[in-house]
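One structure is given below, encoded as structure tokens.
Quick note: the coordinates plus some simple rules give every number you see, no bench work behind them. What you see is a predicted model, and the numbers here were worked out from it, not measured in a lab. Cβ sites come from the backbone with ideal geometry, for glycine too, and all protein chains shown count toward neighbours.
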Amino acid sequence: MLKEKFSVHDSITGLWDKLDGWLDAIILKLPNFAVAVLVMVVFYFIAKGLKKLSHKVLFKKISDESIKQVLSKLIYAIVLLVGFFIALGVMQLDKVLTSVLAGAGVMGLAIGFALQGTLSNTVSGFMLSFQPKVRIGDYIEAQGNTGYVEEINLRNVTIRQPDNDYVIIPNKIFAENPFTNYSWTERGRISVSCGVGYESDLQKVEDLVVKIISENFEQRINEGVEFFYTEFGDSSINFVTRFWITSQKPKPKLEAQHTAIKLIKKNFNEAGINIPFPIRTLDFGKNKLQMAPNKTE
């Protein structure tokens, strides 16, 4: 059996012919490539324009800003994907696209297992965007952090705290744990505690506090000023008064407490009602020192 002799010249010639064929194919595809790039550029600007248009016009009736953002980004991604498929068609890479999609299915399954946490955050973020219980601008408390909701995206929830620090909470953690939304209700109840001396007329104190609060803070139907004595303290009989105000943020509540305390103090002074403070009496007894007489030997 005769073995064919290896020829360097023939190998180089074959390689050159193949490269020459590829070069010819590239040159022939250049117009298609240019059109494909143009298609992607056009669809990029279309996607960008539709994103802004949908946010301002198409989703104008949607009051929740987070839902607007998610839907606008979804439209942006879909338009870009359509442009990508059209560009592949222009390049006559339909068969390649079919192979890529087939491989993407297997690869997507593997990536899904590897990125379970990320995908979970994405799904949770999508659900949060359509959940009316939390909206951008709400004042909430979550995971021990309080602040205003600045952003809800497909990865996390951003909270701006009152001191202007930002807290980032992954969507999965946020969605799976309880949170308090102080902006969900229009009206909030305020509690103010105080104490009066044991010599005070308790009914007079109660009537005066209820009158003060009722005159300065509007109470609606099924609301009202509540007054309860709570305990016999060391130096005072303590009470708490509760009333309602319009508030969806913390500042009005602090302002209402501030005003109520000033009003109670002023009217108590005018009515001669004592607000005692703890007094500690220290009794220094006289210690008599007895010294034993010295003994001389």
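Structural remarks
- Annotation for Phe85 and Asn269: the two label points, set 7 Å from Cα along the Cα-Cβ direction, are 7.7 nm apart.
- Separation of the Glu215 and Lys251 label points, Cα + 7 Å toward Cβ, nm: 2.9 nm
- Pairwise FRET efficiency - Leu74 versus Glu176, Cβ, R0 = 22 Å, nearest 0.05: 0.40
- Paramagnetic reach from Glu206 in region 241-281 [backbone N under 17 Å; point 7 Å along Cα→Cβ]: 241-243
- For region 187-271, the fraction of C-alpha pairs more than 20 angstrom apart is 32%.
- Exposure proxy order (Cβ contacts within 10 Å, fewest to most) of Trp244, Trp184: Trp184, Trp244
- Positive-end residue, region 133-181 charge dipole about Cα centroid, Cβ charges, pick of Thr158, Asn145, Val134: Val134
- Count, lysine Cα pairs under 22 Å in region 187-271, 8 or more residues apart or across chains: 13
- Overall form of region 130-182 per C-alpha gyration tensor (a/c, 1.5; a/b vs b/c): rounded
- Of the peptides 271-278, 168-175, the ranking by mean beta-carbon count within 10 Å, highest at the top, reads 168-175, 271-278.
- Computed E for Leu53/Glu223 - FRET, C-beta separation, R0 35 angstrom, nearest 0.05: 0.20
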